[in-house]
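K.L.:
Supplied in structure tokens, the structure appears directly below.
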Amino acid sequence: MPVTPTVRIQHNVLALNERRLLTWLAARMPGWATPDKLTALGLTGAGVVGAGYALSSVDPMWLWLSIVGFFINWFGDSLDGSLARFRKIERPLFGYFIDHSSDALGNMMIMAGIGASPFVRMDVALFGLGAYLLLSIHTFLAARVVAEFRLSYLAAGPTELRLVLITMSLVMLATAPVGPVLGPLSGFDLFIGGLGIVLFVLFIVQTLATARKLLNRDASNRDSRAG
């Protein structure tokens, strides 16, 4: 049975203003702009982000390309669904599958680029990617088993995460690649690794909470059938 989330849970701090902006943009998009093209644009933006980080090993000024790429990624990735809903041309199954498949590929390109930069070790970047994907997997599973599609955790969602990474990029621009501050890890390694640890802990906590909810629901259903 395909995933059909019924309740969208979105409590990130920018959600209300972002929703208003996306609705305003959707109302003004030209007819040739389609949700599929915006999804492709968002994925292209992720590729631009990754390329900018990787090229920063040649010259840190390439980080400006990554910053531009984040805005391209946000525009395409955030507006595709809003445009489909505004025009009432939703394709719940196809859209859900393609959008999140593109997100996974885009996240891989971004984190691989960060790992290829002179600021963050590749193993640390891949740990951050793995933790993010674990939490994403939990989100998709929860959408299927408890009909809740959570778009934010700890009052933060993808948009806030992009802003955090943009801020990190600006700090990178203002500093040279720094040496180790804790064993073999630099300050940027600790930052990305710390984000990964937070995401991993969230995955564990949310998984246990959902498992408890399902266990109680199964027990309740079993008792009602026995009665």
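K.L.:
Quick query: amide H of Tyr153 versus all other amide H atoms, modeled in the peptide plane; which residues come in under 5 Å with a sequence gap of 5 or more or a different chain?
P.N.:
Answer set, sorted by chain and number: none.
K.L.:
Still on this structure: Which sequence of Arg212, Arg121 reflects their accessible areas, 1.4 Å probe, from the largest down?
P.N.:
I get Arg212, Arg121, largest accessible area first.
K.L.:
Another one. Mind running the shape call on the range 104-163? Use the C-alpha gyration tensor, a ≥ b ≥ c as the square roots of the eigenvalues: rounded below 1.5 for a/c, prolate if a/b tops b/c, oblate otherwise.
P.N.:
prolate
K.L.:
Given a 1.4 Å probe and every protein chain left where it sits, what share in percent of the accessible area of the chain is carbon and sulfur?
P.N.:
Answer for the chain: carbon and sulfur cover 71 percent of the accessible area.
K.L.:
Within 10 Å of each candidate Cβ there may be at most 15 other Cβ atoms; applying that plus a DSSP loop requirement, which trypsin sites (Lys or Arg not before Pro) in the range 3-58 survive?
P.N.:
For trypsin sites (Lys or Arg not before Pro) across the range 3-58 that sit outside H, G, I, E and B with at most 15 neighbouring Cβ atoms in 10 Å, the list reads Arg28.
K.L.:
Asp218: accessible area at probe 1.4 Å, nearest 10 Å²?
P.N.:
Here the accessible area works out near 80 Å².
K.L.:
About the Cα centre, and with charges only on the beta carbon of Lys, Arg (+1) and Asp, Glu (-1), how big is the dipole of the chain? Nearest 20 debye, please.
P.N.:
Magnitude of the dipole: close to 840 debye.
K.L.:
With a 1.4 Å probe and all protein chains in place, put His11, His138, His100 in order of accessible area, largest first.
P.N.:
His11, His100, His138
K.L.:
Return a whole-number percent for the relative contact order of the chain, with Cα pairs under 8 Å and 6 or more residues apart as the contact set. Walk me through the numbers before you get to the answer.
P.N.:
Numbers: 277 pairs, mean separation 61.9, N = 227.
With pairs under 8 Å counted, the relative contact order is 27 percent.
K.L.:
Could I ask something else about it? Using the Cβ atoms and a cut-off under 15 Å, what net charge is assigned to the surroundings of Met111, where Lys and Arg are +1 and Asp and Glu are -1? Mind showing how you got there, number by number?
P.N.:
Details: positive: Arg121, Arg162; negative: Asp103, Asp123, Asp189.
With Lys, Arg at +1 and Asp, Glu at -1, the neighbours total -1.
K.L.:
Roughly how tilted is helix 15-27, in degrees to the nearest 10 and between 0 and 90, from the longest Cα axis of the chain?
P.N.:
Taking Cα atoms only, the helix is inclined about 90 degrees.
K.L.:
For Phe94 and Asp123, what does the FRET efficiency come to when R0 = 41 Å and r is the distance between their Cβ atoms, rounded to the nearest 0.05?
P.N.:
Efficiency, rounded to the nearest 0.05: 0.70.
K.L.:
Then there is this: How much net charge surrounds Thr39 when only the other residues with a Cβ under 15 Å from the Cβ of Thr39 are counted, with Lys and Arg +1 and Asp and Glu -1?
P.N.:
-2
The values are calculated or read from the model by the stated rules, or taken from the named source; none is laboratory data. Since the structure is predicted, the reported quantities are computational estimates derived from the model, not experimental observations. So basically every Cβ, Gly included, is an ideal-geometry build from the backbone, and we count neighbours across all protein chains shown. Note: areas computed on protein heavy atoms with side chains; ligands, DNA, RNA excluded. Shrake-Rupley method; radii C 1.70, N 1.55, O 1.52, S 1.80 Å.
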